[in-house]
Amino acid sequence: MANENLLRAETKPGLDALGAADIGQSVTQLVDRAGEIILGKEHSVRLALACLIARGHLLIEDQPGVGKTTLAHLLARLLGLKYQRIQFTSDLLPADIIGVSIYDRDTGGFRFHPGPIFAQLILADEINRATPKTQSALLEAMEEEQVTVDGNSHSLDVPFFVVATQNPLQQIGTFPLPESQLDRFLMRLSLGYPDWRAERELLQGRDRRDMLRELDPAWDTHWLTTIQAKAREVYCSQPLVEYVQRILDFSRRSALFELGLSPRAGLGLLAAARAWAVMQGRNQVMPEDVQAVGPHVVGHRLRFSGGVDGLEGRSTGTYLFEAVEVP
Amino acid sequence: MNDQENLSRALQIKLSLGVIALSLPHLGYLPISLAVGMVLLWIWRMGVSLERLPAPGRWLLLLVTLGSCIYVVGHYGGVLGRDAGVALLTLMLALKLLEMRTIRDGYLTILLSFFLSISHFLFSQEIPVVLYVFAVTAYLLILLKALEFPDPESGTAGGLGLIVKIVLQGLPLVAVLFILFPRLSGPLWNLDLDGSSAVSGLDDEMSPGRISRLSQSDEVAFRVEFRSEVPATEELYWRGPVLWHTDGRTWRAEPPGARPSNGGETGKVIAEGEPVIYNLTLEPHRRTWIFALDMPIQWDDRYQATAEGNLVARSKLRDRQRYTATSVLRYRTAGLSGRDWEWGTQLPDGLSPRVKDLAQRWRSEAVSDIAVAEQALAYFRQQPFVYTLQPPPLGADPVDEFLFDTRQGFCEHYSSAFTTLMRAAGIPARVVTGYQGGERNPLARYFIVRQAQAHAWAEVWLEDRGWVRFDPTAAVAPERVRLSVDSAAVGERGEVRFRVKGDWLRQAMDQLGYGWDAVSASWNEWVLAYGPDSQRALLRRLGLDRLDWAGLGILLLVGLGVALGLAWLLSGRRATKEAYPENRIFQRFREKLAKVGVRSKPHEGPNAFQRRIAVARPDLSKSVEPIVCLYVQLHYGRPINDEETRRHLRALRVLVNRFKPKTSL
């Protein structure tokens, strides 16, 4: 498959010749096609795509049945990624994810049978149902981009992208991810119910699963890695870095938040903003890019400390970005 | 922020507490019925906030308001004057609290409270009051800030920081205004500020019990700072009213029906000792006389001397007086006028024969007048006389009863009896009242003379020496003139105790008291007493004498300018100097747009701003676009080279200069 991608790459314009505007166009096309299947969620799709371009992992926190799985599957189809779904349950073991070494009578040695994690886009469904041990196995794999079984390291596929879902309700018998683990996810999204018109269309339209199956990839792996590389080159000016620093600083000094943002959060914020900028077809990051992705990047990393009036119904993310002045 | 929005419950409660705290000191000045009504209103207000009581309806509130207005007018006979005005203000504020609902109400309440906070100084200007009012005002300022910026970010503590900062910025302005604003002479607004409160102090009458009552008061009568060597405590006789006329019980300055005395000729004082120079700060006592060390020879022009060598002011003292005087402790007075002779030998009608006989016996035994006086002092010393604050009551002939029966008394008994005896012996004598002694404040360089040190003694005319002081009390209780009467420790049966070093607790309390007195003395001297004279003196010390009003005005303006500059420096505006040149230009662009009603938000990026302009003012978008585009390139774009950057900056400047948005229709 890798060879195939390399072959295809020659038909695409080279990295240097690739204009930001081309990427913007390509993203728009992709999002449009996604919009045929997931109705009225263009912004969420864009954010998920930005997360992927920034080479981060995505946490979707929402109620069952709003299209979390569909979104993950759809992204995998459109981007031409190898898709695996792992349903997390309380009896799921790390080996069920990573794979096991089994004695092979023919060779007389242990042979590694890779688990479902050896795919490019993994949907970790209801991650909070599994035990912390299993959760951390996945999270370690996410961080290292490799797994170690019996002393042998096995590299994971590139790109490697985890979409984990979490049900915020019905927390009985679950193991909610602690903050330190949440920090591993670049973004947290919640999809929410579709609006009136979108839902009408959904109810009247065809089965989404059929549509997904028929969907052709819009991008391929090479194109995705190209864009990812391009995103890393997007320019962040001094004032912009200062802006991000102000955000971090504010979150740490403010008495409103329990714990300030980590340097990793700052890096994530910049990476996501770069991805967002490249998706808009821009070569430089604007404060607006930071603000577009920001609430989703910081939302799960910040928590209001108790005893503060007047914040009901506001998320930490939106509050933070309204409070910090753009330099 | 919309003024009509509802005030949060927490703010309502905080505001109410602030106003209540501010009104609290006034309760004491209000008639009891109003005070009770006010407390009931506050309880109602708190009940409403805590959802325990129903909010008053519009009509009920109107009724209560009208009723209380009528009550105030009825009670004070109008709304003019300090007491009625303050009562009305306090009451209206309590009522305003009851109808407080919106943010606008909150603003109004706080602004009215500031009036109320000033009104406290109409009653008292002492440090505790000032501190209390300042503290409550600071709290109200924090609430004002919370109203203005409903930002949960900074709780009360953050608000305090801002208020402290603002107050610090304002401080130079206040200092300049305080020092340089032209001072008017006369009491504040010519109001009779202390009109209602009784002032304790010496009277120009003396009868048994008067001074002993005074001696239980710890109030400060005056403070003295010696500029020359400090005399011994037993030499400190502070001269007050001289009493000539007695009816046997009461001593008065003049016989009833005497012509308003202009003193005859002033008794000439011949100094025989070293002069003592001192500054005296006299608390206002609403009488004309001022005190000076026995015997003053030089004093301020503001005061005149009487025939008896006392100093008097031209009008009753309503302000704290601060003056310098020079006295001599050893002196002779010359000349006894006919009036003095006549008044100095006056005896009460029906003086008992026992007294007369005693005096005549001494007269016949003694060789000279002074021997008679010595004999009298010896009599007090040798007979079982007791110095006490609570002597038994005296009947129809107090001098007689005191001398022969009760033999218990305070200084007024002794001086009265002694003077009467002298007169009965044919020697001119008079009673002098004033203060004796003074406690040194160990933490500062001055003496405190309290009401407790009020005293009365006698003066006897001796042919070769003039009026000579005799203190019969000292004969009975010599420690009286060496130590001060301890007002806090009157014995059970009224025996007098003196200030001596007590246990460590007492000493600590004394130290605390002295520290406090030193602070309030400086407060009096430097803040409250800062009038036209001290202003002139201060300016002279700064080398700015002979300033007329215009000069003072110019100086004031210059000072204000400097203070404003200082405030600006303190505000830290300089610290936010733009690090990016394009921001300075873009800021002008923002300001131009703000003038036509399109304001950028601090957290808004340039592109988002541009989109908002396009919506609000589509007519401007054409001229806005290149400016934003250039700015974005400069601020967020990858720099090409310095030359290019400079060119872009120039272009941006030109574009912004040309940008002249018109107000939309």
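The values are calculated or read from the model by the stated rules, or taken from the named source; none is laboratory data. All values derive from a computational prediction rather than experimental measurement. As a convention, Cβ positions derive from the backbone with ideal geometry for all residues, glycine included, and neighbour counts pool all protein chains shown. The area values use the complete protein model at the heavy-atom level, side chains included, leaving out ligands, DNA and RNA. Shrake-Rupley method; radii C 1.70, N 1.55, O 1.52, S 1.80 Å.
Listed values, structure above:
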quantity	calculated
Evaluation of A:Ser180 against (1) modelled with pLDDT of 85 or more; (2) among the small types (Gly, Ala, Ser); (3) open to solvent by 70 Å² or more (accessible area, probe 1.4 Å) (one fails), failing number	(1)
Search result, residues across segment A:265-292 that are within 14 Å of another protein chain (Cβ to nearest Cβ) and small (Gly, Ala, Ser)	A:Ala273, A:Ala277, A:Gly281, A:Ala292
Given (1) within 27 Å of A:Val298 (Cα to Cα); (2) out of contact with any Asp or Glu (no Cβ under 9 Å at 6 or more places or on another chain), number of the condition A:Thr69 does not satisfy	(2)
Whichever residue in segment B:643-660 is within 12 Å of B:Phe589 (Cα to Cα) and not basic (Lys, Arg) and, among such residues, is nearest to the other protein chains (Cβ to nearest Cβ)	B:Leu652
Answer residue from segment A:211-264, given it is of a type in the set (Ser, Thr, Tyr), in a helix (DSSP H, G or I) and within 14 Å of chain B (Cβ to nearest Cβ) and is nearest to B:Pro602 (Cα to Cα) among those	A:Tyr243
Residue, most open to solvent (accessible area, probe 1.4 Å), within segment B:592-610, restricted to residues that are more than 9 Å from chain A (Cβ to nearest Cβ) and assigned to a helix (DSSP H, G or I)	B:Lys595
Criterion: within 47 Å of the chain's Cα centre (by Cα), farther than 30 Å from B:Ala616 by Cβ, open to solvent by 90 Å² or more (accessible area, probe 1.4 Å) and at pLDDT 75 or above - qualifying residue of B:Leu538, B:Leu566, B:Leu552, B:Leu557	B:Leu557
Sole residue being open to solvent by 20 Å² or more (accessible area, probe 1.4 Å) and either of a type in the set (Val, Ile, Thr) or not in a strand (DSSP E or B) (or both), chosen from B:Val230, B:Val242, B:Val224	B:Val230
Within segment B:1-90, helices (runs of 4 or more DSSP H) holding 2 or more residues that are in contact (Cβ under 8 Å) with a residue 60 or more places away in the chain and of a type in the set (S, T, N, Q)	B:9-27
Those residues of segment A:128-162 which are assigned to a helix (DSSP H, G or I), hydroxyl-bearing (Ser, Thr, Tyr) and more than 18 Å from the chain's Cα centre (by Cα), in sequence order	A:Thr134
Members of segment B:624-642 found to be open to solvent by less than 50 Å² (accessible area, probe 1.4 Å) and away from every other protein chain (no Cβ under 14 Å), listed by number	B:Val624, B:Ile627
Within segment B:325-344, considering residues that are open to solvent by 30 Å² or more (accessible area, probe 1.4 Å) and part of a loop (DSSP other than H, G, I, E, B), the one nearest to B:Asn524 (Cα to Cα)	B:Leu329
Total residues in segment B:631-665, condition among the small types (Gly, Ala, Ser) and part of a helix (DSSP H, G or I)	1
Condition check for A:Leu75: aliphatic (A, V, I, L, M) and open to solvent by less than 50 Å² (accessible area, probe 1.4 Å)	yes
So A:Leu191, is it within 26 Å of A:Ser262 (Cα to Cα), in contact with a strand residue (DSSP E or B) (Cβ under 9 Å, 6 or more places away or on another chain), in a helix (DSSP H, G or I) and in contact (Cβ under 8 Å) with a residue 40 or more places away in the chain	no
Selection within segment A:25-46 - in a helix (DSSP H, G or I) and among the small types (Gly, Ala, Ser)	A:Ser26, A:Ala34, A:Gly35, A:Ser44
Residues of segment B:116-128 classified as in contact with a helix residue (DSSP H, G or I) (Cβ under 6 Å, 6 or more places away or on another chain) and assigned to a helix (DSSP H, G or I), total	6
Matching residues in segment B:577-591 - criterion: being more than 9 Å from chain A (Cβ to nearest Cβ) and either closer than 12 Å to B:Phe659 by Cβ or in a loop (DSSP other than H, G, I, E, B) (or both)	B:Lys577, B:Glu578, B:Ile585, B:Phe586, B:Arg588, B:Phe589, B:Arg590, B:Glu591
When residues of segment A:108-117 are limited to those that are open to solvent by less than 30 Å² (accessible area, probe 1.4 Å) and in contact (Cβ under 8 Å) with a residue 12 or more places away in the chain, the one farthest from the chain's Cα centre (by Cα)	A:Gly115
Segments classed as strands (runs of 3 or more DSSP E), wholly inside segment B:371-482, with at least 3 members that are closer than 28 Å to B:Thr333 by Cα	B:429-436, B:454-462, B:466-470
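One line per residue, one yes/no per condition, for (1) buried (at least 16 other Cβ atoms within 10 Å of the Cβ); (2) closer than 27 Å to A:Ser305 by Cα; (3) at pLDDT 85 or above:
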| site | (1), (2), (3) |
| --- | --- |
| B:Asp105 | yes, no, yes |
| B:Val129 | no, no, yes |
| B:Thr137 | yes, no, yes |
| B:Leu140 | yes, yes, yes |
| B:Leu143 | yes, yes, yes |
| B:Ala146 | yes, yes, no |
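Conditions (1) open to solvent by less than 10 Å² (accessible area, probe 1.4 Å); (2) farther than 27 Å from B:Glu342 by Cα; (3) under 29 Å from the mean Cα position of the chain (by Cα), marked per residue:
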| residue | (1), (2), (3) |
| --- | --- |
| B:Ala271 | no, no, no |
| B:Pro275 | no, yes, no |
| B:Leu280 | yes, yes, yes |
| B:Ala292 | yes, no, yes |
| B:Lys316 | no, yes, yes |
| B:Tyr323 | yes, yes, yes |
